[in-house]
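Read the structure below first, then the notes.
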Amino acid sequence: MGLMDILQQYASSTTPSDRVHEHFDAVVRDAPKDVVADGIAQAIRSQQTPPFADIVRQLFERSDPQQKAGVLNQLAAAVGPSVMSTLGSVLGAQGLGTALSPSQAASVTPSQVQQIANAAEKHDPGVIDRLGGFYAQHPDLVKQLGGVALAVALGRIANRTR
C-alpha cells in the first residue's frame, strides 16, 4: 500500500484503523518532515485528544533523558526564565538561563513539566508547533499517544499532501 493510499483512508475520518500504528510508521518514513510535524501539532491541538499539558506530561514520562532535555528546552524557550526559575532548586543555579542537560532534565518530575507546559501554551501558543517539529524527530514517542491521535495526525498530513 502506497503513501497516498494510506493517507486517503484518513483524509476525511479520524477513526483509527486497526493498522494505524503501521500506517503512521509508513507515512513518517516517506512524508516531508515539516508536514509530519504539522500533523503531530494538529493531533496535540485536537479536541479529540487530551489537553496539551497532559500530552506533554505523558510523552515526557516515556522519554529518555535526551528527549526530556529537548522538550524542556522547547518549553523553556516559550515561557522564559521567570517560569523556569521555579525549577531552580531541582536544576541548581547553573541550569537557569542555559540549555538543560539530559541529567538535569531527568531530575524534573512529570507534574513539573505539566505545569511548565500549561504556562508555555498560555504564554506562546506557537510552542505546540515547535513541539510538533520536535516529536516528528521522535515518532515512536508519538505512537504512544494512541490510535485517535495518530489518525488525527494522519488526517492532517493527508489534507496537506493533496
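State which residue pairs qualify: first residue without any contact (Cβ under 8 Å) to a residue 24 or more places away in the chain and inside region 58-81, second residue part of a helix (DSSP H, G or I) and of a type in the set (D, E, K, R) in any location, beta carbons under 9 Å apart, and separation of 6 or more residues or different chains.
Hits for this filter: zero, empty list.
For region 135-153, what are the residues that are part of a helix (DSSP H, G or I), surrounded by fewer than 20 Cβ atoms within 10 Å (Cβ to Cβ) and not small (Gly, Ala, Ser)? Before the answer, list the steps.
Looking only at region 135-153, we keep the residues that are part of a helix (DSSP H, G or I), and these are 135-136, 139-145, 147-153.
The next check asks that each one be surrounded by fewer than 20 Cβ atoms within 10 Å (Cβ to Cβ); those that pass are 139-141, 143-144, 147-148.
The answer is 139, 140, 141, 143, 144, 148.
Can you name the residue in region 74-95 that is over 21 Å from residue 43 (Cα atoms) and buried (at least 16 other Cβ atoms within 10 Å of the Cβ) and is also modelled with the lowest pLDDT among such residues? Reasoning before the result, please.
Initially, region 74-95 is screened for residues over 21 Å from residue 43 (Cα atoms), giving 76-77, 79-95.
Then drop every residue that is not buried (at least 16 other Cβ atoms within 10 Å of the Cβ), which leaves 76, 79, 83-84, 87, 91, 95.
On the way: 76: 88, 79: 85, 83: 62, 84: 66, 87: 57, 91: 53, 95: 44.
Within region 74-95, the match that is modelled with the lowest pLDDT is 95.
Considering only residues that are touching a residue at least 12 places away in the same chain (Cβ under 8 Å) and among the basic types (Lys, Arg), look in region 18-47 and name the one that is surrounded by the most Cβ atoms within 10 Å (Cβ to Cβ).
Let us first name the residues in region 18-47 that are touching a residue at least 12 places away in the same chain (Cβ under 8 Å), namely 20-21, 23-28, 30-31, 33-46.
In the following step, the residues that additionally are among the basic types (Lys, Arg) were identified as 33, 45.
Numbers: 33: 11, 45: 19.
Result: 45.
Looking at (1) in contact with a Ser or Thr (Cβ under 8 Å, 6 or more places away or on another chain); (2) of a type in the set (A, V, I, L, M, F, W, C); (3) modelled with pLDDT of 95 or more, find the lone condition where residue 31 falls short.
That leaves (3) as the condition not met.
Among the listed residues 158, 136, identify the single one that is within 18 Å of residue 13 (Cβ to Cβ) and aliphatic (A, V, I, L, M). Give the derivation first.
Working: 136 fails: within 18 Å of residue 13 (Cβ to Cβ).
Selected residue: 158, the only one of 158, 136 that is within 18 Å of residue 13 (Cβ to Cβ) and aliphatic (A, V, I, L, M).
The values are calculated or read from the model by the stated rules, or taken from the named source; none is laboratory data. The shown structure was predicted, so the numbers you read here are calculated from the model rather than taken from an experiment. All Cβ positions, even for glycine, are placed from backbone atoms using ideal geometry, and neighbour counts span all protein chains on display.
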